[in-house]
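J.: Just passing along the structure, written as structure tokens.
The values are calculated or read from the model by the stated rules, or taken from the named source; none is laboratory data. Being a predicted model, the structure only gives us computed values, none of them experimental. Glycine also receives a Cβ, built like all others from the backbone with ideal geometry; neighbour counts cover every protein chain displayed.
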Amino acid sequence: MYSSSMGSIQAAVKKLLSYEYICFEEVVENGKYKKVYSITESGKLYFFKWINSPFEIQNIRNPELAKIYFMGFSDKKIREANIEEYLLYLTEQYSVLNIICEEANSINPPEEQKDIFSYQFAAARYGRDFMKFNVEWYKNFLNEIRSEKI
């Protein structure tokens, strides 16, 4: 659902700590110091405020689209190979998400968790369906390149 760098995650953790939305406890595990983070009451309140607020319109980031835009400058054989490789990656990701969705279909959560589960499952289905769209789009794009329609 979300991918971020370690630097972004560390900055987010610092921000959450500064707002006192999370706290941590240092423990020793197997002779090593470890920080165990937990959400605070004010963090829970903020989370529920956020989750109940309207959706925000975000700028879509799609670096692959920028590559496609400039692909006419690249070597023909390399561009086809790059798309084939990316298509393999997308297909693998789709397979993983599809397995998750199939397994989720067989889960019957307790009544008090059905609402939570149904929305978490909706997010997984969105990911799977979005990945399916990408797989089909790149297959069609690759076929256009091969038939020299582009």
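J.: Considering Glu41, Glu64, Glu56, which residue is farther than 29 Å from Leu97 by Cα and either in contact with a helix residue (DSSP H, G or I) (Cβ under 9 Å, 6 or more places away or on another chain) or exposed (fewer than 10 other Cβ atoms within 10 Å of the Cβ) (or both)?
T.: On the way: Glu64 fails: farther than 29 Å from Leu97 by Cα; Glu56 fails: farther than 29 Å from Leu97 by Cα.
The conditions single out Glu41.
J.: Something else: As an exercise: evaluate Phe73 against (1) more than 30 Å from Ala12 (Cα to Cα); (2) surrounded by 12 or more Cβ atoms within 10 Å (Cβ to Cβ) and give the number of the one condition it does not meet.
T.: (2)
J.: Further question: Let me confirm something: among Tyr138, Tyr69, Tyr37, which residue is modelled with pLDDT of 95 or more, outside the structural domain of Gln10 (by TED's automatic domain parsing) and among the aromatic types (Phe, Trp, Tyr)? Please lay out each step first, then the result.
T.: Values: Tyr69 fails: modelled with pLDDT of 95 or more; Tyr37 fails: outside the structural domain of Gln10 (by TED's automatic domain parsing).
Exactly one of Tyr138, Tyr69, Tyr37 is modelled with pLDDT of 95 or more, outside the structural domain of Gln10 (by TED's automatic domain parsing) and among the aromatic types (Phe, Trp, Tyr), namely Tyr138.
J.: Restricted to region 1-38, and to residues that are more than 30 Å from Tyr94 (Cα to Cα) and of a type in the set (Gly, Ala, Ser), which residue is surrounded by the fewest Cβ atoms within 10 Å (Cβ to Cβ)?
T.: Within region 1-38, the first condition is being more than 30 Å from Tyr94 (Cα to Cα), and the residues that meet it are 11, 13-38.
Add one more test, that the residue is of a type in the set (Gly, Ala, Ser), and what stays is 11, 18, 31, 38.
Details: Ala11: 12, Ser18: 9, Gly31: 5, Ser38: 9.
Here the residue is Gly31.
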